[in-house]
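Notes follow once the structure below has been shown.
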Amino acid sequence: MSEYATRAEALSAVLDEEERARCRGFLRTVDRHRYRVAHVALRQLLGAYLEADPAQVRLTREPCPGCDGPHGRPAVAGAPPVPLHFSLSHAGDAVLMAFAGTPVGVDIEERPTPEVAAEVGRMLHGTERAELAALPPAARPAAVGRCWARKEAYLKGVGIGLGEEPSVTYVGTGAVPASVPGWTVMDVPAFPGYAAACATRTENAVR
């Protein structure tokens, strides 16, 4: 991502005041660069899909389905000319975005260290914990990374984020994501050392 930092800075006028303030709030230069690159790219793509000036696209948050607070899925404010849902995730130097006609969530994660994988693994669904226990220790960090990316993508798509405990919804740690009622969860090819996933709501979803 760092190779795009200069270009994103030149285009930073497309960001709204809230995005600029958040960007300024990062203490590390690299974090400011990463945030700016991701959000400038998001606005450029939203503008292209909506056939609008990226700087004129107003963003908001839908109500959280868990508490009705103003921190649910990010959304385009008002009534866009076409139904457009989007999701953004970034980790390290990688950015992942998705755009769809139905609610969607994406997540990209750097592979955790063995220590972090062990800590995160204890928070997962019981079946996922059993799957991890059956793996050789060296394979567990990659499995935890896969599982966490799927889980985050699904929860971001729902709009509840980590308002739902990671132990609630089973998405699996294996090579293929588990089925989640009302949602299509899939792994996304990612750079070496990363795991990524996308979750899209289907018509029969209950939330």
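Numerical summary
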quantity: Residues being among the small types (G, A, S) and surrounded by fewer than 17 Cβ atoms within 10 Å (Cβ to Cβ) - total across segment 101-129; calculated: 3
quantity: Single residue of segment 102-117 satisfying the filter (in a helix (DSSP H, G or I) and out of contact with any Lys or Arg (no Cβ under 8 Å at 6 or more places or on another chain)) that is nearest to P74 (Cα to Cα); calculated: V116
quantity: Looking only at segment 134-165, and only at residues there that are assigned to a helix (DSSP H, G or I), hydrophobic (A, V, I, L, M, F, W, C) and under 30 Å from R61 (Cα atoms), the one that is most open to solvent (accessible area, probe 1.4 Å); calculated: L162
quantity: The one condition in (1) more than 22 Å from P103 (Cα to Cα); (2) open to solvent by 50 Å² or more (accessible area, probe 1.4 Å) that V176 fails to fulfil; calculated: (1)
quantity: Options R58, R43, R34, R73; residue that is over 29 Å from Y194 (Cα atoms) and in contact (Cβ under 8 Å) with a residue 24 or more places away in the chain; calculated: R58
quantity: Residue pairs meeting the criteria (Cβ under 6 Å; at least 6 apart or on separate chains; first over 11 Å from G174 (Cβ atoms), in segment 125-154; second in a helix (DSSP H, G or I) and of a type outside the set (K, R)); calculated: R140/A117; R140/L132; P141/P114; P141/A117; V144/A117; V144/V120; V144/G121
quantity: Which listed residue is closer than 21 Å to S89 by Cβ, part of a helix (DSSP H, G or I) and without any contact (Cβ under 8 Å) to a residue 60 or more places away in the chain, from V171, V120; calculated: V120
quantity: Flag if T184 is open to solvent by less than 80 Å² (accessible area, probe 1.4 Å), touching a residue at least 24 places away in the same chain (Cβ under 8 Å) and among the β-branched types (V, I, T); calculated: no
quantity: Filtered residues of segment 1-25 (kept if farther than 20 Å from Y194 by Cβ and open to solvent by less than 60 Å² (accessible area, probe 1.4 Å)); calculated: A8, S12, V14, L15, D16, E19, A21, C23, G25
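Yes/no per residue for (1) over 19 Å from the mean Cα position of the chain (by Cα); (2) of a type in the set (G, A, S); (3) farther than 26 Å from D53 by Cα:
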residue: G101; (1), (2), (3): no, yes, no
residue: I108; (1), (2), (3): no, no, yes
residue: E115; (1), (2), (3): yes, no, yes
residue: E152; (1), (2), (3): no, no, yes
residue: P181; (1), (2), (3): yes, no, yes
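The values are calculated or read from the model by the stated rules, or taken from the named source; none is laboratory data. Keep in mind it's a predicted model, so treat the numbers as computed, not measured. Note that we place each Cβ from the backbone using ideal geometry, even for glycine, and neighbour counts take in every protein chain shown. With ligands, DNA and RNA removed, areas are computed over all heavy atoms of the protein, side chains included. Shrake-Rupley method; radii C 1.70, N 1.55, O 1.52, S 1.80 Å.
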